[in-house]
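Trainee: Shown below is the structure under consideration.
Nothing in this text is a laboratory measurement; each read-out follows from the coordinates by a stated rule. These figures come from a predicted structure and were not determined experimentally. Note: ideal-geometry Cβ built from the backbone for every residue, glycine included; neighbour counts use all protein chains shown.
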Amino acid sequence: MRSAEDWDARYRATELVWGTPPDPWIVEQVAVLPPGRALDVGAGEGRHALWLATRAWDVTAVDYSRVGLDKAATVAARSPRTVRARLHWTPLDVVTDEIPDQPYDLAVWAYLHPDPADRAGAIAKVARSLAPGGLLLVLAHEKAESHPDLPTFGAAELSAALPEDMVVEHVEWRESDPYHGTGTDLAVRARRRGNDAIAQ
């Protein structure tokens, strides 16, 4: 599953690959935040973007699978108009394309696994799209026992990819949820320093 065409085919093959509920860790991290502008990277079928929009976040949801985004828009169509108005489905490849409508108060990177050669640049690009004080939430497979060919990555690699004005606030590990098979997942919260710290 390394291309947009692969993911288009996967999303066409079943009703919802990931289900509709957001990841519990994302909910835990975001529930205490005031709403603002959010970027959902690798949004797929939109489970995090839709949940954020129901909590008054204005969300730009990006993915290189147009089929995934079309399914996300279909699911969101059942929501109230005020929720739909906060959702912006944007087809792009975070590795090669520029991120629109910066800056963001929050970026969610959930289970997006670019090739190792491309990953550091993509992570840094997303981090730079944040406003001062903005949060980056990353969920990724560190060990994927049921997906041996998946290019997993760990906390050290993620930390090294972040720009110097990002501070890692929290790291934890947990078992993968049922939608992602067996293995160990990495959860990281990082924050972009405020204007005063950036200027120093």
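Trainee: With r as the distance between the Cβ atoms of Ala160 and Ala85 and R0 = 45 Å, compute the FRET efficiency 1/(1 + (r/R0)^6) and round to 0.05. Don't skip to the answer; put the middle values down first.
Mentor: Values: r = 39 Å, r/R0 = 0.86.
Efficiency computed from Cβ-Cβ geometry: 0.70.
Trainee: Quick one: if you stick a label point 7 Å off each Cα along the C-beta vector at Val75 and Thr96, how many nm between them?
Mentor: About 2.7 nm, to one decimal.
Trainee: Taking the Cα centre of the stretch 45-103 as origin, sum charge times position over the Cβ atoms of Lys and Arg (+1) and Asp and Glu (-1), and report the length of that vector in debye to the nearest 20. Could the numbers behind the result be given before it?
Mentor: Working: 8 positive and 8 negative charges, 105 e Å.
Rounded to the nearest 20 debye, it is 500 debye.
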